[in-house]
1. Just how far, in whole angstrom, is segment 88-166 from segment 193-215 if you go by their alpha carbon centroids?
2. Please give the direction-averaged projected area of the C-alpha convex hull for segment 118-272, in square nanometres with one decimal.
3. What span do the alpha-carbon atoms of segment 38-161 cover on each of the three principal axes, reported in whole Å from largest to smallest?
4. Please find the FRET efficiency linking Leu152 to Asn242, where r is the Cβ-Cβ separation and R0 is fixed at 30 Å, and quote it to the nearest 0.05.
5. Taking the highest mean first, how do the peptides 141-152, 3-14, 99-110 order by number of other beta carbon atoms within 10 angstrom per residue?
6. For Phe30, what residues show an amide H to amide H distance below 5 Å, using hydrogens built from the backbone and excluding near sequence neighbours?
7. May I ask for the Rg/Rh ratio of segment 187-234, computed from Cα atoms with Rh as the Kirkwood radius, given to two decimals?
8. At a Förster radius of 41 Å, what calculated FRET efficiency corresponds to the Cβ-Cβ distance of Thr261 and Asn178, to the nearest 0.05?
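Read-outs: derived from the displayed coordinates by stated rules, not from any lab. This one's a predicted model, so the numbers in the text were calculated from it and none came from an experiment. Here the Cβ is made from the backbone with ideal geometry for all residues, glycine too, and neighbour counts use every protein chain on show.
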Amino acid sequence: MKVNYHTHCYFCDGKGHPEEYVLEAISRGFSVLGFSSHAPIKEINDWTLTESNLPDYISSINELKVKYGKEIKIYLGLEIDYYPDENRVEKFKKFNLDYSIGSVHMVKPDGFNTYFSVDESDSTFAKVLNDVFGSIEAFSREYYKTLRALILQGGFNILGHLDLIRKFNKGNKYFNENEPWYREDVLKTLDLLKSRDIIVEVNTGALSRGVNDVPYPSPWILKECFNRGIKVCLNSDVHAPNNIECYFNEAKQIIKDCGYTQLHTPFEIIDL
């Protein structure tokens, strides 16, 4: 059974009309496709929905549900970023979403009025690291602190790309994941997750975009998720139709090697 709940199209930072993704999913034998465009944020940007095109996105997905309902199950979702002063998951519930993904793409350290990107580009990451935080430990700790605040706020179904802070860390460019301070912060986050009904996604998006060679989260983190009884799903975080199942077979093997025998989604349990 093939499913994907992390799908971006031209309404946000993906390429192609939603229908192109549906047709690609059907051609590859998918049973479920969930759309999860980035929810609008306060700042002007080029990667999220806007308040003005959000209604068009919702109507487009709902129309596809009807048009292709006999061939594939389609779900309407949003990927929602965390803001400390606003429960954004609650804000978007009025649009009758089927599910939501909670993610952290930006951080705002104490003393700053600006949000800084975690994953925009390697050059931006390096600039934020050097100009704002001064050390990768400080940058990473702010990321996981924000992620834990998102988890505590809750209300969403799936936690997106748990260790996004390592997106540009291929070849240990910025840090080694065996550093005690890093492992401590990750395990603290997992201990918080284990008491909540939130699914952690195994996300292959960085592989399809060529910026990393291991899915999120790293295998050692995934093994720690298994040890804590944390449920996982498999998503491609797709931004172009042809990458809808990029690295799925390899990722499934990693998941099984960590001890899992099932995947959990907001609506299905899938045997591996």
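1. 14
2. 9.1
3. Principal axes ranked by extent give 53, 29, 25 Å for the Cα atoms.
4. About 0.20, to the nearest 0.05.
5. 3-14, 99-110, 141-152
6. Amide H to amide H, under 5 Å and 5 or more residues apart or across chains, Phe30 pairs with nothing.
7. On the Cα set of segment 187-234, Rg over Rh gives 1.01.
8. That pair, Thr261 with Asn178, gives E of 0.90.
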